[in-house]
1. I'm trying to understand the selection: among the residues of region 15-64, which are touching a residue at least 60 places away in the same chain (Cβ under 8 Å), over 15 Å from VAL3 (Cβ atoms) and of a type in the set (A, V, I, L, M, F, W, C)?
2. Taking region 91-116 as the search range and keeping residues that are without any contact (Cβ under 8 Å) to a residue 24 or more places away in the chain and not small (Gly, Ala, Ser), which one is farthest from LEU34 (Cα to Cα)?
3. Identify the residue in region 80-126 that is in a loop (DSSP other than H, G, I, E, B) and in contact with a Gly (Cβ under 8 Å, 6 or more places away or on another chain) and, among all such residues, is modelled with the highest pLDDT.
4. Check region 37-50 and report whether any residue there is more than 21 Å from ALA100 (Cβ to Cβ), in contact with an Asp or Glu (Cβ under 8 Å, 6 or more places away or on another chain), surrounded by 13 or more Cβ atoms within 10 Å (Cβ to Cβ) and not charged (D, E, K, R).
5. Of everything in region 73-83 that's surrounded by 13 or more Cβ atoms within 10 Å (Cβ to Cβ) and without any contact (Cβ under 8 Å) to a residue 40 or more places away in the chain, which residue is farthest from GLU98 (Cα to Cα)?
6. What are the residues in region 110-126 that are surrounded by 11 or more Cβ atoms within 10 Å (Cβ to Cβ) and more than 15 Å from the chain's Cα centre (by Cα), if any?
Amino acid sequence: MKVLTIKQPWASLIIEGYKRFEFRSWRTNYRGELLIHAGKSIDKEAYERLKGYLKDMPLGKIIGKVELTDCIKTTPEFFEHRLKENKDVYTKSSFKEEYAWQVKVEEKFEKPIDAKGKLGLWNYEK
């Protein structure tokens, strides 16, 4: 199954349903089930700003499953709508956010799976 490694707290915000879009500088044609892997690094500024949203923040684990439903080329208008949706989660970023990967949460894992992360989309074999 395909996996995407994401820094914390972003990975947990997705699995908890607070973040419906994951931003990337690259486009994907992949659609379907996608495991979310919480990387071992933390975006400290985001964590301080968003820690009230989270009860748990595993590191180095596959924490849940989403369905990747779309990959949208971002525009200023797209970001304006996201800021209205949740200004804490979708605040302006210094990263290159050319594409918004739209995800829908399917499952939060009760027992996260230890795994080493990788760049890009990668495959997980049980």
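The values are calculated or read from the model by the stated rules, or taken from the named source; none is laboratory data. Note that the structure is a prediction, hence the values are computed from the model and not measured. Note that we place each Cβ from the backbone using ideal geometry, even for glycine, and neighbour counts take in every protein chain shown.
1. Passing the criteria: PHE21, PHE23, TRP26.
2. Filtering region 91-116 for residues without any contact (Cβ under 8 Å) to a residue 24 or more places away in the chain gives 92, 94, 110-111.
Remaining after also requiring not small (Gly, Ala, Ser): 92, 110-111.
Details: LYS92: 26, GLU110: 17, LYS111: 17 Å.
Among residues in region 91-116 that are without any contact (Cβ under 8 Å) to a residue 24 or more places away in the chain and not small (Gly, Ala, Ser), the one farthest from LEU34 (Cα to Cα) is LYS92.
3. We begin by selecting, within region 80-126, every residue in a loop (DSSP other than H, G, I, E, B); these are 86-98, 115-120, 124-126.
Narrowing the set further to residues that are in contact with a Gly (Cβ under 8 Å, 6 or more places away or on another chain) leaves 115-117.
On the way: ALA115: 96, LYS116: 93, GLY117: 93.
Looking at residues that are in a loop (DSSP other than H, G, I, E, B) and in contact with a Gly (Cβ under 8 Å, 6 or more places away or on another chain), I get ALA115.
4. First pass over region 37-50, keeping only residues more than 21 Å from ALA100 (Cβ to Cβ): 40-42, 44, 47-48.
Next, from what is left, pick out any that are in contact with an Asp or Glu (Cβ under 8 Å, 6 or more places away or on another chain): none.
So far as region 37-50 goes, no, none of its residues is more than 21 Å from ALA100 (Cβ to Cβ), in contact with an Asp or Glu (Cβ under 8 Å, 6 or more places away or on another chain), surrounded by 13 or more Cβ atoms within 10 Å (Cβ to Cβ) and not charged (D, E, K, R).
5. So the first thing to find is which residues in region 73-83 are surrounded by 13 or more Cβ atoms within 10 Å (Cβ to Cβ), and the list is 74, 78-79, 82-83.
If we keep only those that are without any contact (Cβ under 8 Å) to a residue 40 or more places away in the chain as well, we get 78-79, 83.
Working: PHE78: 11, PHE79: 11, LEU83: 16 Å.
By that ranking, first place goes to LEU83.
6. PRO112, ILE113, ALA115, TYR124
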